[in-house]
Amino acid sequence: MQDPIIRINGVGKTYEGGFEALRRVDLEIRRGEIFALLGPNGAGKTTLISVICGLVSPSSGDIRVAGHDTITQYRAARKLIGLVPQELTSEAFETVWNTVSFSRGLFGRPPSPAHIEKVLRALSLWDKRNNRLMTLSGGMKRRVLIAKALSHEPRVLFLDEPTAGVDVALRREMWGVVRRLREDGVTIILTTHYIEEAEEMADRIGVINHGEVVLVEEKTALIQKLGRKQLTLQLHTPLSRVPDALAPFDLTLADDGATLKYTYDAAAREEGEHGIAALLSALKTAGIRVKDLNTRQSSLEDIFVDLIEERA
Ligand SMILES: Nc1ncnc2c1ncn2[C@@H]1O[C@H](COP(=O)(O)OP(=O)(O)OP(=O)(O)O)[C@@H](O)[C@H]1O
Ligand SMILES: [Mg+2]
């Protein structure tokens, strides 16, 4: 495998006053991936991003971005990074164009009106380029933050809750922008409280809780591994108990005797032996008639909630 673009090695952060916000975090971010960092409020997501970006100094450990140490080679590392912060702060009287152009200069890049234009157009801000920031809507201000983060052509983009408080249409638009950046080879790390956003966008998922990375996994593998399905069967005639012939299946009979629930995982679905077809044929053989049925799949959200509760 290619060298990871970010290597986080034993990073801890204890804030002044003694609060331990990060505990020995080890994490590698792959070149060109979209990595979603999930965790409840106060878990340490923004702290971790701030440490990687060199805005907060770690209490222990070290971080390399494309081989550059974020402390001893701060400028080289920082130049490769674009950061869209969680909090909106802006120079209210500046225009969109000036704000974004200035931001590029901060990273020592020569002016490039062509690049700034490309970024503003991609974010549907071109028509607003001469507007002062205070005249923009909340969603537009958020897009200006993204434009600023892209002004110096970073190779890694951090988006700290990019779509908080953003309407559904704009959220979809932002997902489009992020996908296009990835196609250009930009590595993306995003935090979000909208689990469906991670489900939609991410290649890999990391979960952080109480300052510890408790899980890192490919998204599809995670859903395959932990995701379960449930089949609910409405029976024609109530049963007093689950018949012995159906013992090989993990079935529960509701109190009314007329509802059977079958919980199975992705592996069982593929094996066949304990799959739905096998169950239905076993029901038929046992003379049990089914009136109606439906299935439900656990989402990334169910998995996430279970994981956080387990460790609360
Ligand atoms: N400057 C600071 N001084 C002391 N404690 C801090 C400081 N910044 C953050 N913390 C604490 O560190 C913990 C992690 O905060 P952080 O902002 O990293 O969480 P988060 O995962 O980004 O949460 P959210 O989802 O609410 O944005 C919190 O308990 C917070 O109160
Ligand atoms: Mg945060």
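The values are calculated or read from the model by the stated rules, or taken from the named source; none is laboratory data. Values in this document were obtained by computation on a predicted structure and should not be read as measured data. For neighbour counting, all protein chains shown are included, and Cβ atoms are generated from backbone atoms with ideal geometry for every residue, glycine included. Each accessible area value is taken on the protein alone, full model and side chains, heavy atoms only, with ligands, DNA and RNA left out. Shrake-Rupley method; radii C 1.70, N 1.55, O 1.52, S 1.80 Å.
Which ones in segment 42-56 are of a type in the set (Gly, Ala, Ser), without any contact (Cβ under 8 Å) to a residue 40 or more places away in the chain and assigned to a loop (DSSP other than H, G, I, E, B)?
Step one: list which residues in segment 42-56 are of a type in the set (Gly, Ala, Ser), which gives 42-44, 50, 54.
Subsequent filtering for residues that are without any contact (Cβ under 8 Å) to a residue 40 or more places away in the chain retains 42, 50, 54.
Those that are of a type in the set (Gly, Ala, Ser), without any contact (Cβ under 8 Å) to a residue 40 or more places away in the chain and assigned to a loop (DSSP other than H, G, I, E, B): Gly42, Gly54.
The numbered conditions (1) more than 16 Å from ligand 1 (Cβ to nearest atom); (2) open to solvent by less than 20 Å² (accessible area, probe 1.4 Å); (3) assigned by TED's automatic domain parsing to the domain that holds Thr187; (4) closer than 15 Å to Pro154 by Cα are all true for Ile52 except (1). Here is a check on your reading of the model: is Glu87 surrounded by fewer than 17 Cβ atoms within 10 Å (Cβ to Cβ), more than 21 Å from Val186 (Cβ to Cβ), within 12 Å of ligand 1 (Cβ to nearest atom) and not assigned by TED's automatic domain parsing to the domain that holds Glu199? Yes, satisfied. Sub-8 Å Cβ pairs linking a first residue in segment 68-90 that is among the aromatic types (Phe, Trp, Tyr) to a second residue that is not in a strand (DSSP E or B), at least 6 apart or interchain, are Tyr74/Gly54, ordered by first then second residue.
Of everything listed in (1) aliphatic (A, V, I, L, M); (2) touching a Leu at 6+ places or on another chain (Cβ under 9 Å); (3) away from ligand 1 (no atom under 16 Å from the Cβ), the single unmet condition for Val11 is (3). The set of residues in segment 204-224 being open to solvent by 70 Å² or more (accessible area, probe 1.4 Å) and either in the same structural domain as Asp265 (by TED's automatic domain parsing) or not charged (D, E, K, R) (or both) consists of His210, Thr220, Gln224. When segment 156-203 is filtered for residues that are at pLDDT below 85, open to solvent by less than 20 Å² (accessible area, probe 1.4 Å) and part of a loop (DSSP other than H, G, I, E, B), the ones remaining, listed by number, are Thr163, Val166.
Suppose we filter segment 4-50 for residues that are within 16 Å of ligand 2 (Cβ to nearest atom) and over 15 Å from Gly206 (Cβ atoms); how many remain? Going through segment 4-50 one residue at a time, the tally reaches 7.
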